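Below is one structure, written out as structure tokens, with a few remarks after it.
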Amino acid sequence: MKRIVILISGRGSNMQALLEAKLPCEIAAVISNRADAQGLATASAHGIATAVVSHKDYADRASFDAALAKIIDGYAADIVVLAGFMRILTDGFVERYAGRLINIHPSLLPAYPGIDTHERALQDGVKIHGCTVHFVTPTLDHGPIIIQAAVPVLRDDTPQSLSARVLCEEHRIYPQALRWLCLNQVWLDEHGRVASDRLEQPGAPLLSPGLE
Ligand code: GAR
């Protein structure tokens, strides 16, 4: 069974969805860069080991990432899962875990990398928004895509209501993506593309607004 380490910075609802999904893996630890991350208590309540590596204790990104990698490797992690981990990682860190470092992002990448994704989607008037699970590469929020979920943007949406609709889908696609990785059904191939031996077909198209 693969060993998983989950990195968080805050609430940890995606982490919780992963812990509760009964995945075919061992969640070895949850690590936060913030001691006050709500998700740490949730992880402990699930009997998962937790650790804090505060970025404030390190002079630069490289030394923080080195300390983080040391702890991750101490748990012999096969896969490292970013679940609301709000630190930009150095190329060295990303390359160390190439092909086994994944992230969830609250937009349909490559649209809206970075922060404030829901606000920006509303400002642009897009009618479909969503979330993406992808392999992490040195270019921020641009790695090869494993799975995406799309949701309609509704007329009266606020960033909060849109974010809540997207988050429901995050909690569905992240466990699915990690399950595929744990079962070796999805992987990053030698060309840096997502490969899969699954035969699943896409679901129904999403039209937004719907047709009359
Ligand atoms: C989630 O919406 C996740 O997609 C986003 O932060 C939130 C964390 O919530 N991640 C990013 O924006 C990373 N660029 P959670 O702590 O409840 O899982």
Mean Kyte hydropathy of -0.5 or more with a Cα span along the axis of at least 18 Å, helices from DSSP in the chain: 61-74, 159-182
Those trypsin sites (Lys or Arg not before Pro) in segment 103-212 that DSSP places in a loop and that have at most 16 other beta carbons within 10 Å: Lys127, Arg155, Arg193, Arg198
For the chain, alpha-carbon Rg and Dmax in angstrom: 17.2, 58
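Output the relative contact order of the chain, whole-number percent, from Cα pairs under 8 angstrom with separation of 6+ residues. It would help to have the intermediate numbers written out before the result.
Working: 390 pairs, mean separation 38.8, N = 212.
Computed over the chain, the figure is 18 percent.
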Only helical DSSP H runs with n ≥ 4 go in: add -39500 (n - 2.57) per run for the chain, normalise by residue count and round the 222 nm mean residue ellipticity to 500 deg cm²/dmol. -9500 deg cm²/dmol
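No lab work stands behind these numbers, since they all come straight from the coordinates. Keep in mind it's a predicted model, so treat the numbers as computed, not measured. Every residue, glycine as well, gets a Cβ built from its backbone with ideal geometry; the counts of neighbours run over all protein chains shown.
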